[in-house]
Amino acid sequence: MQKLIRMMSTMLFILTFYVFTLQSQELSLQELVNRKQFPEVLARTDSLTAADSANYATMSVIGQAYEGMFRYKDAYRCFQHCLSMDTTNMDAWNALARAAINYGKIAEAERCYGKVLEADSLNFYANNQLARLYYQLGDYGKAMDHYRTLATFESDNPTILAGLADCHMKKGGMNTLIALELYARAMEINPENIRVASSLINLLLWQGDGKGALQVCDTALYYNPDNRQIRQSQGMALYMTKKYLKADTVYSSLLAEGDSSFINLKYAGASRYMSGHALDAVEPLELAYAIDSTDVETILLYGGTLGKTYDRQRAYELFDQAEECMKPKKFFVNLLATFRGSALERDGRFNEAEKVYYEAWKKDPTQLNLLYEINKHYWLRDSEMFDDEKRLQKALFSKYIYMTELMKRKEPKENLFGFRYFLEDLYKEAFFRNITELTMLAPDGKKSRLSMPDLQNLINQLPEPSELEKKRREQMKAAMKDYEKKHKKEIAARDSAKEVNVEGKAVKLE
């Protein structure tokens, strides 16, 4: 009996020692994570036992170490393992969601945070992470919902107020006024917060309120006198309020400290020029121009300083360059025409749409896609060629101008036989009617004449369809004639019926 007791005591000692050792190891790993010594934690994973992998705390610490090393895939799998051990642990759900975001599994992150909020709709961490996530995804409405939930905890938290203000800024419109109020409130609560101060100043400057921005700058600089971003904003506010000498002092100070950014150089020169010191403005504007020779304002100011000082020839060159830079880019002009025309078409306003396309093409004749957008709406069967004179004139213009321009290009033309069919049908019908020239109507309302020889010349340039295409064409025309013939008979039959029997009574059709 004593022997059995001694054996049990020995086993209990061994078990106690093992548990103590494991707990010490966990504590050691957690301490390393707390100290951000992530490589040391991962270096120990090779010596962990199977029992360690069944320990939630150990695996959680390893997952944190993987996160610290930006090995998000490993962290994600590690937290998955932790969750499998305890599916009711909210920390595990939060950790897995956090790793999922960094791993790029957005839907999984939403699902995990959703699980947390199902259990606790006011969970601060999950709401905060979802607010930030939705903001990054551009879903500002959802982000605002979570920021409002956070505000139920701390209505005077400047970080939460600023996050909500950021969302209102992104939504734009009247929301900017709400954003302004939220930033101002956050600034009032914590005037030392540079992030809030900068956001408020930028919004005030964007609204053109230089005086208001200047007041916020003064407050922010009281707590952070050396902050360059706020000082640069102070210079901008002074410039906007026409305090050019003071603005020059701010920008010159920043330049003297080595901050020769484009903005500082540009507005240092601008402040000097506007305060009547054109010669002193030349150097910073020259340097700003070297950084960005496409900025129109810089080009104009640089040209203005040279024109007032010693190099009027160079000033003229800069003025010409500024004028060129102010011209809209052809790509965007054509893109605008395409988008505007498409919107008008969808709204049923095709006459307006084709004017937009046509005017844009006249400015840039290389854009045949604009002519195509016009002509695709004008296809007439030979039986209806002369039923609507105005539509025929528009159809002829759209096809003739599009084909004429297309013939000038060295591009494959094998698939243009459809246009040949249309023009041949028109030529035959006009010849049959003894017409010697046709009228064309452009989208801008201008009319022009097309002689039959000119029409024939264009037809001759278009490719002949294959025998198979010709056969298909004849079959299609025959089917169309049969349909029209049958349709006419049905109409004639209905017109000839003068009476119908309704409930046994003869009623005359009006």
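Things to note:
- Förster-model FRET efficiency, 45 Å R0, N434 and F319, C-beta, rounded to 0.05: 0.15
- The distance linking region 62-80 with region 99-144 is 19 Å (Cα centroid to Cα centroid, whole angstrom).
- Residues T241, T88, ordered by accessible area of protein heavy atoms at a 1.4 angstrom probe radius and largest first, appear as T88, T241.
- Percent of C-alpha pairs per 5 Å bin in region 63-172, short distances first: 2, 14, 21, 21, 18, 14, 8, 2, 0, 0.
- Inter-part distance where region 179-219 and region 425-474 are each reduced to a Cα centre, Å: 68 Å
- Degrees separating the helix 158-171 axis from the principal Cα axis of the chain, which is the longest one: 10 degrees
- Net charge over other residues, Cβ less than 15 angstrom from the Cβ of L441 (K, R count +1; D, E count -1): +3
- Percent carbon-and-sulfur accessible area, region 142-211, ignoring ligands, DNA and RNA, probe 1.4 Å: 51 percent
- Ellipticity at 222 nm from helices only: DSSP H runs of n ≥ 4 in the chain, each -39500 (n - 2.57), divided by the residue count, give -24000 deg cm²/dmol.
- Placing dummy labels 7 Å off each Cα toward the beta-carbon, the span from S53 to F350 is 6.9 nm.
- The stretch between M69 and A343, if pulled fully straight at 0.36 nm per residue, gains 93.6 nm over its current Cα-Cα span.
- For the chain, the alpha-carbon radius of gyration amounts to 1.65 times the rule-of-thumb value 2.2 N^0.38 Å expected for a compact globular protein.
- Computed as a quarter of the hull surface, the mean projected area of the alpha carbon convex hull for region 157-259 stands at 6.2 nm².
- Directionally averaged projected area (convex hull, Cα atoms, region 204-290), nm²: 5.2 nm²
- Accessible surface, region 207-298, averaged per residue in Å² (probe 1.4 Å): 49 Å²
- Computed from Cα positions, the angle between helix 330-346 and the longest principal axis of the chain comes to roughly 70 degrees.
- Modelled FRET efficiency - R0 22 Å, D311 with L255, Cβ distances, 0.05 increments: 0.45
- Interchain or long-range residues, amide H under 5 Å from N157's placed H: none
- Rounded tilt (10° steps) of 210-223 against the dominant C-alpha axis of the chain: 20 degrees
- For the peptides 308-314, 54-60, 280-286, 95-101, the ranking by mean Cβ contacts within 10 Å, running from highest to lowest, is 95-101, 280-286, 54-60, 308-314.
The values are calculated or read from the model by the stated rules, or taken from the named source; none is laboratory data. Quick caveat, the model's predicted, so the values are computed rather than measured. We place every Cβ from the backbone using ideal geometry, glycine too, and count neighbours over all the protein chains shown. Heads up: the accessible areas ignore ligands, DNA and RNA and are worked out on the full protein's heavy atoms, side chains in. Shrake-Rupley method; radii C 1.70, N 1.55, O 1.52, S 1.80 Å.
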